[in-house]
Amino acid sequence: MTEGSLARAESRARQARERGLQEGNAGRPAVGARYIRAGLRQLGWAERGQQPDTRQIHESHHALAARLLMILAVWESERGRTDYGLLLLDQAENLTAADDRGVLLVQRGLLFTRAGRAGDAVKTLDEAVAVLDGNAAETSNLAAALINRGFTHLAAAHIRRARADFVWCRRIAADEGYDMIAAKALHNLGYCDLLAGDIPAALQLFHAAAGAYRLTAPGFLPVLATDKARALLAVGLAGDAASELDGAMAAFRRQRLDYDLAEAELARSEAALAAGELAGARRWATAAERRFRRRGNDARADLAALTRLRALPVSSSGRPRAVAEARLLAEARLLAERLRGGGLASDADMAELLAARALLAAGRPDEARRRIAGVRRRGAAAPLDVSLLRRLAQAELAEREGRAGAALTELRAGLAMVQARRGRLGSIDLQTGAGALGSELAAAGLRLALVRRSASLVFAWLERSRAQAFRVRPVRPPADPQAAATLAELRQLSHLIREAELNGSRDPAAIARHAELQREIREHGWQASGLGEATAQASLGEVGAALEESGQALVGILARHGQMLAVVVRRGSARLIELGDFDAAAEAARRLNADLDTLAGRRLPARLETVIRASIRQQTQTLTTEILDPLRSSVGDGGIVIVPAGPLASIPWSVLPDLRGRPVTVCPSAFSWLTAWRRRVAAASGRSPGSPGPAGSSGSPGSPGSPLWPLLVAGPDLEHAAREVAEIAKSYPGCRPLVAQAATVSAALHALDGAPLAHLAAHGHHDQENFLFSRLDLADGPLMAYDIQQLVTAPRQVVLSSCDVGRTVVRPGEEILGFTAALLYVGTATVISSVTRVADDAAMGMMTAYHRLLAAGARPAQALAEAALTEEFSPFVCFGGG
C-alpha cells in the first residue's frame, strides 16, 4: 500500500472507531461492533468464522488495530460472545504497543468477570491498576479498571473493597470531567449500599445515576433498572420490581445485550418467586441459566439454577412436594459445592439450606442437621434472605425433634431481623412491603401456635405477624423544593384532568404526565431513611386491661387452609374459637360491597333495586353465619374491636343485623388499636400518652374549655356538602367551615395539622394501584394520602364523608394501605370513613347525627353506631381507637 492509501485507511478506521465507541457507550453494542469491524477491515483485518486474521495489517497500523480489537472484544462480550471476545484480545496482544498494555489488561479483566472467572479477573485488574496508576495520560482507563475491579469485588461480596474502588474512580471522574464514568461509579456505589442492606441509600444513588445516564448514556438506564429492581425486591415490592425488569428486558432484547438480558431474567425469576408465582419463577430462571451457560459463565448459571430450585412446587405446609424432594436434594448438593468452589459462599449456604429442608421433608433429620450446621453464622454480613431461610430451617428441625419452643424462638429471631430492616426504611410504602420478607416465618409460627391450641400464643403470633409497620416510628420527610414543585404540578394536572372528565373530554398527554409524576413522587419517598426505632408489640395483658377499661371485646380473625378462626380477648383472658369458611366470607364481603356501590345514590328500576337489596341481605346472612354466629356467646354485649384478615378488612360491619347499633371498631392489629385508644384517652383527659401531667389545651372536640375548633371542609361537585358542614357546624358554635373556593388543599392541610377533629365532605377516590394517591377532591385539586405524611402533628380524629376512602390495599403481613391507613400511620387516633360509595343525602343525615352525638360526649364508635341506625345500609366504619 502507498503512503497515501495507508493514511486514508487509518483516517477512515479512526472515524469508525469514534462512531463505534459512541454507539457502544450509549448502550448499543451491536451497532458499535459494526462500526469497529468496518474500521478493522480498512486496516486489512479479516474475519473467517471464529478465526480472526491479523496478518494483512500493516505494521504502522498495529497499535490502532489493537485498540479496535479491544473495543470489539468488549462489544462482543456484551452481546453474549465472551469467549470470542477473549480470542480477540489474544489477537490484540500481539499488536499492542507497550503504552497500551494497561488498556488491554482492563478489557481482559472485564471479560474474565463476565465469564465468571473472578480470580483471573481480580489478578488481571490488579495488574492493570498498577500499570495505569500515576500515568496522567491514562486516567480514563484507570477509572475503567477501578470500575471493573470494583464490580468483580461486588460479585464476590467484598463490599468494602468494591466501595473503595468506586470512590477512587468517582474522584478521578470528577477531576477529569468523565461524566459517564462518574455516573457508573454512582450506580455501583448504590449497589454497594444495596448489598449492605441500606435500601434508601441505594435508591438515592440509583436516582442520581439515572439523571446522569439520561444526559450521557441513556442506553445504560435498563441496566440501572435491573439493579433498582433488586433493591425493591429487598424490601418486598415484587410487583414494582417486576415492572422495572419487564421494561429492562425489552430494551436488552432490542439492543441485543445478551449478558444484561440474562441478568434481568435472573432478577425477574426472583421477583416472580417473591410474588409466589412459582411457574413463572422457574421459567425465567431456566431462560437465564441457558443464556449464562451459552456464554460460558457457569457461576451465574448456577445462581439461576439455585433460583429455579427455590421455585419448585411446595405443599400446603410450605415444604417441597415429595415428587420434587429427591430432585431438589440431589441438585442442591451439587450446586452448593459448585457455588462454594466459585467463592459464592452466601449462595452456597442458600443451596445447603434448600437441601436441608428437603432432607427434613424426607424424614432424614440427622442429615439435615449436618447440612444446617455447615452453614456459617456470619451475622450482619449474611444476606437477609439467607439468614431468614437458616432460621426457618432450624425451626423446622427443632419442630421435627419435638422442640416446639426452640422452633418458635428461631422464628421470632427471624422476624426480628425483618423488623430491623423495616426500621431502616423511612417510606411507609417500603415499610409495609417488607412484610412479605417474613411471611413464611410468620406462617410457620402461627401454625405452631395453632397446633398447641393456645389462645394466648396465637394472639402473640397474630401480633408478631401482622401490621408491623405500625410499630415503626414515622419519619416526616424534610422539606424538598423539587419534590414540592413536582407535587404542585401533579395537583394542577389532577385538577385539569378532573375538569376535563366533568366536561366529557379526555387529555391522554396530561394523563400520561400525571402517571409519570406519581411515579416520581412515590420513588422520591423510597429514598427516606428510617430512624431504626420500633415500639414493642402489645402484650395480651396490656390489651386485655384496656379492653376491660373500655368495656369492649377484641376479635382477631385469621384464616388457615380456608378455615377461619378467631382469638377473642375479653375480661382479661383469650379464647380460640373456630369460625366458618373463609372463602365464603370473603366472597360475601366482595359481593356486599359491590351491591352497596350499585345502590348508593342511584335511581334504579324498582325491580333491580329489589334484587340488589335481597342480595345485600343474603350476603349479610352469609357473613353472620360464617363469622358472627360462632362468636355470640363469647363477645358479650359491649363494643367490639375487630382485627380482620385480608378481604374482610372492607366489610361495613354495621350492615350486619347482629351489629346494628353496636359500637364496632376496626384495626389492623391489637397493637394499633391499643396505641390509638391510648391517644384518644390521653387527648380526652388533656394528657399525652403515657405522661403523668397535663399536655396543654388538647381537650376533646366540643368539651368545655377546648380552645381548638373542629375543621369542617366542603369539597366541590357534591350537592349536599356545603349544607352538610353547615348543619354539623351547629354542633360546634363558633366553628367556620371551609366551603366553595376557600376549601383549598393548602387551607385544609394547614388546619388539619394538629386538629382535634376534622370533617371532610368531598368526593373520595381509592387508588388501588397507587395508594399514596388515594385522594379527596377539593377546590383547587386533590388532597392525597401522600399529603397526610407531611403533617407535623396528626389530627386526633378525622371523619371522611366521602366515597371509597375507607377501602384498603392489603399486603402480605396484613399491612394496609390507603387514605384511611395513611391517617392511622401518622398517629390519628380515630378515622370514620366509608368502604363503598355513599349517597350524598344519606351521608348528610348520618354525619349530622354523628356529630350531635359526638359533641354530646359519645365515643366515636358509639356515636357512629347510633347514627347508622338512621340508614338501613350504612357503609361507614370506625377505624383506629374507637
Taking N as its residue count, the alpha carbon Rg of segment 822-882 over 2.2 N^0.38 Å: 1.09
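If you stretched the chain out fully between Leu334 and Arg513, how much longer would it get, using 0.36 nm times the residue separation minus the C-alpha to C-alpha distance?
59.4 nm
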Over segment 368-421: Kirkwood hydrodynamic radius from C-alpha pairwise inverse distances, Å: 11.3 Å
Estimated dipole of the chain in Debye, rounded to 20 [Cβ of Lys and Arg +1, of Asp and Glu -1, Cα centre]: 1780 debye
³J(HN,Hα), Karplus 6.51/-1.76/1.60, whole Hz, each residue of segment 267-276, x for Gly, Pro: 5, 5, 5, 5, 5, 5, 4, 5, 8, x
Alpha-carbon Rg/Rh ratio, for segment 741-882, with Rh computed the Kirkwood way: 0.94
Per-q log10 I(q)/I(0), segment 70-127, q = 0.17, 0.19 Å⁻¹ (Debye; single scatterer per alpha-carbon; no solvent): -0.46, -0.58
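Can you give the net charge of the other residues whose Cβ lies under 15 Å from the Cβ of Lys730, counting K and R as +1 and D and E as -1? Kindly include the intermediate steps, with their values, before the conclusion.
Values: positive: Arg723, Arg736, Arg852; negative: Glu724, Glu727.
Here the count lands on +1.
Which order do the peptides 82-88, 3-9 come out in when sorted by mean C-beta neighbours inside 10 angstrom, highest first?
Per-residue mean Cβ counts within 10 Å order the peptides as 82-88, 3-9.
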Between 0 and 90°, nearest 10: helix 179-196 axis offset from the chain longest Cα axis: 60 degrees
0 to 90° range, to nearest 10: angle between helix 540-550 axis and the chain longest Cα axis: 30 degrees
Largest-first ellipsoid semi-axes for the chain, taking √(5λ) over the Cα gyration tensor eigenvalues, angstrom: 58, 33, 23
Helix 670-685 axis, angle to the chain major axis (alpha carbon atoms, nearest 10°): 50 degrees
The chain: relative contact order as a whole-number percent, Cα under 8 Å and 6+ apart: 7 percent
Carbon plus sulfur fraction of accessible area for the chain, probe 1.4 Å, in percent: 51 percent
Amide H partners (placed H, <5 Å) of Thr96, local residues excluded: none
Fully extended contour minus Cα-Cα distance, from Arg8 to Thr409, at 0.36 nm per residue: 136.7 nm
Virtual spin-label span in nm between Arg34 and Arg171, 7 Å along Cα→Cβ: 4.3 nm
Kirkwood hydrodynamic radius of segment 40-163, Cα pairs, Å: 14.8 Å
Dipole axis of the chain (+1 Lys, Arg; -1 Asp, Glu on Cβ), positive-most option in Gly296, Thr598, Trp168: Gly296
Heavy-atom accessible area order for His58, His514, largest first, 1.4 Å probe: His58, His514
J(HN,Hα) series, segment 732-740, from Karplus relation 6.51 cos²θ - 1.76 cosθ + 1.60, nearest Hz, glycine and proline x: 10, x, x, 6, 10, x, 8, 9, 6
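By how many nm would the segment from Glu93 to Arg293 lengthen if fully extended, with 0.36 nm per residue of separation less the alpha-carbon distance?
Going from the current span to full extension adds 69.3 nm.
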Under 19 Å from the Asp83 label point (7 Å along Cα→beta-carbon), backbone N, segment 246-279: 258-260, 262
For the chain, accessible area per residue (1.4 Å probe, heavy atoms of protein chains only), Å²: 40 Å²
In Hz, Karplus ³J(HN,Hα) per residue of segment 347-360 (6.51, -1.76, 1.60; θ = phi - 60°; x = Gly, Pro): 5, 4, 4, 4, 5, 4, 5, 4, 4, 4, 5, 5, 5, 5
Sparsely packed GluC sites (Glu not before Pro) within segment 821-882, loop by DSSP, other Cβ within 10 Å at most 16: Glu872
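The values are calculated or read from the model by the stated rules, or taken from the named source; none is laboratory data. Given the structure is predicted, the values throughout are model-derived calculations rather than measurements. Counting neighbours? That spans all protein chains shown, and the Cβs are built from the backbone with ideal geometry, glycine included. Each accessible area value is taken on the protein alone, full model and side chains, heavy atoms only, with ligands, DNA and RNA left out. Shrake-Rupley method; radii C 1.70, N 1.55, O 1.52, S 1.80 Å.
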